[in-house]
Structures are given as structure tokens and as C-alpha cells.
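Input: a single structure, listed below in C-alpha cells.
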Amino acid sequence: METKLILIRHGQSQWNLENRFTGWKDIDLTDTGEIEAHRAAREIKDERIDIAFTSALLRAQHTLDIIRKDCSWETLPVIAAPALNERAYGDLEGFNKTETARKFGEEQVLQWRRSYDVAPPGGESLKDTYHRVVPYFRSHILPELLKGKNVLVVAHGNSLRALIKYLEKLTPAEILLRELATGIPVIYAFDNTRLQELASRTGALTPEE
């Protein structure tokens, strides 16, 4: 019997639309983002979901609320955790990405955005995000999967990419090439062997990770 983990990046936010660094700023969905959430609901409405996890940020929670309503999952248990928040962009949050490139130089901004272990001023690298998302997954989400529960996680582009890196054992170079579209479910189906393999990887994260 397979156990499913479904990952969904929240629908388009207002700052996605405005091409701004959002990070931990609590920005809501646009009308398009709500449409994307309804579309995601249609794609997974026939799945059995036993528990859902989301971040502490409004755009992810709003996306999940739409999905729950559309799928008649109003009684679905939901756990909201800051550990699943988007990567923090620190001093860059709120700034337009194009304007930021003009201010700091395209190469510097590209390094902040696309390197694995370089953080913007006052913010997190993707590696930093990995080191808060993965321990949370191992301590809170994996135990639900091991119980045979199907789990839905509605979060953010970078927090979900961090989790995908762990699940698929991707290198830093490989995860930097992975993009997640807003409102498109990514579904993992685990058999017992695969779950036990994940459970066996419960030691401390290595510096290379």
C-alpha cells in the first residue's frame, strides 16, 4: 500500500505579481492566486488526505483554505508551522527584483537568488532554509506518513524546494535548477521500503547538505 505526500506551492501573491522579494512578509493572494488554488483543489479532490501542514504565512494558509473548502475537507486537521515559511530575504524584502539588480548589480543579486549557500543581507540562503525545513519534516511530517496517513503540505517555492532536495537526494546544483509553479501539486507515493529508508536518515544533517 502506498502513502502519499502532496506538495503545493501557494497561489500567486500580490508581491509575486509585482516582482518583489516577499520572504516572510505576510502578503495575500491575488485573484489569479485564488484561481490557482481552486485549480489545485480540482487536481487533488479525489485523493484521500488525512492531515495538512502549512506555513505561518497568509498566502499559504489562504491557498489551503480554498483547497479545503473546494474539496469539502473542512474537518481536515491542519498544522501551521513557521518552519515551513518561505526563505527569508532579509533586507531585500519588499524591493522590486529588477530595481534591486540595478542597485546591487545583476551578478550579486543572481548569486543571492540562485546560489545554494549565499544569503542576502539579513536573510537566509536556500541551505539555511533546508536546515529548518528538513528537521521539521523529519520530526512532524514523516511520523504521519509512517502511520500510513496521506499528507498535504501547502507552503512556498523555496521551503518546498528544500524538502524536495531532501526527498530526492538532489545536489545543490540540481535543486537550483528545479522550479515550482504556483498552485501545481507535486505528488510523491511512498511504499513501505521507501518510508523506512527515509526514517533511517534521522541523524544530524551533514555540512554538505
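Read-outs: derived from the displayed coordinates by stated rules, not from any lab. Worth saying up front: this structure is predicted, and the values here are computed from it rather than measured. In this analysis, Cβ positions are derived from the backbone assuming ideal geometry, glycine residues included, and neighbour counts consider all displayed protein chains.
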With θ set to phi - 60° and the Karplus curve 6.51 cos²θ - 1.76 cosθ + 1.60, what are the ³J(HN,Hα) couplings of region 20-26 in order, to the nearest whole Hz, using x for Gly and Pro? 9, 5, 9, x, 8, 5, 8
Determine, for 30, 129, 202, 182, the number of other Cβ atoms within 10 Å of each Cβ, and report the residues in order from fewest to most. 202, 30, 182, 129
Between the residues 37, 49, 206, the Cα farthest towards the positive end of the dipole of the chain, that dipole coming from +1 and -1 charges on the beta-carbon of Lys, Arg, Asp and Glu, is from 206
For the residues 170, 198, what sequence is obtained by ranking on other C-beta atoms within 10 Å, fewest first? 170, 198
Looking only at 36, 74, 107, which one moves most when the chain is put into a Gaussian network model with springs between Cα atoms under 10 Å? 107
Could you please rank 125, 139, placing first whichever residue has the fewest other Cβ atoms within 10 Å of its Cβ? 139, 125
On a 25 Å Cα-Cα criterion, which of the cross-link pairs 97/169; 69/165; 4/165 come out too long? 97/169; 69/165
State the Kirkwood hydrodynamic radius of the chain in Å, one decimal place, computed from all pairs of distinct Cα atoms. 17.5
For the chain, what does -39500 (n - 2.57) per DSSP helix run (n ≥ 4), summed and divided by total residues, give at 222 nm, in deg cm²/dmol to the nearest 500? -12000 deg cm²/dmol
Multiplying the sequence separation of residue 184 and residue 199 by 0.36 nm and subtracting their Cα-Cα distance, what value in nm do you get? 2.7 nm
